[in-house]
Amino acid sequence: MAETTTLARPYAKAAFEVALQDSSLDQWSQTLGLAAAITSQESVASVLKDPSLSSEQIAESFLAVCGDDLSDKGRNFIRLLAENKRLVLLPEVSALYEILKANQERSVEVEITTAFEISSYIAKKLADSLKSRLEREINLATTVDQSLLGGAVIRAGDTVIDSSVRGKLSKLAETMNS
């Protein structure tokens, strides 16, 4: 996994720089998302790995699947990835691009997992609290996991706040076994 991230990072940064210069962050986000989704299709993945096809043939086949949904710069980006045999990295490139975009826009995806459904009022209060703590715009998603027993687990990027009953019981058991 780390190797694919290392290989994908320069392409994500390059796409981000172009998007930033052209003020087209959202368009590039859509382009990379579409290309990543296409790459993950089994039939497309087999074509990408076919050694009998040239990089030009692979790029043209890929672009034909994309149709008219890509800009000229997006098409050139796909051709560059094909030429360097990096089209299989598109899902990772897209994910890294989204991180760069979120940092630029000073926003963060936050997932709150609770044992029970929370009201929109509580979700808003949590989002406001996290916004002031993280100093970023919050894109909030909530899920329910009854195995938590109570409390919540909050994931914001690489930050995890576990205040669930299950988490506290696990910590207690770990302490008692030490």
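The values are calculated or read from the model by the stated rules, or taken from the named source; none is laboratory data. Quick caveat, the model's predicted, so the values are computed rather than measured. Quick reminder, even Gly has a Cβ in these numbers, built from the backbone with ideal geometry, and neighbours come from all protein chains shown.
The table that follows gives values for the structure above.
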quantity	calculated
Complete set of residues in the range 144-163 that are hydrophobic (A, V, I, L, M, F, W, C), in contact (Cβ under 8 Å) with a residue 12 or more places away in the chain and not in a loop (DSSP other than H, G, I, E, B)	Val144, Leu148, Ala152, Val153, Ile154, Ala156
Filter result for the condition that a residue is loosely packed, with under 14 Cβ neighbours inside 10 Å, modelled with pLDDT of 90 or more, touching a helix residue (DSSP H, G or I) at 6+ places or on another chain (Cβ under 7 Å) and farther than 30 Å from Gln27 by Cβ, over Ser147, Ser129, Ser119	Ser147
Residues within the range 86-116 that are buried (at least 17 other Cβ atoms within 10 Å of the Cβ), at pLDDT below 90 and among the polar types (S, T, N, Q), tallied	0
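Residues are listed down the side, and each one gets a yes or a no for (1) assigned to a helix (DSSP H, G or I); (2) over 18 Å from the mean Cα position of the chain (by Cα):
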position: Phe116; (1), (2): no, yes
position: Leu126; (1), (2): yes, yes
position: Ile138; (1), (2): no, no
position: Ala173; (1), (2): yes, yes
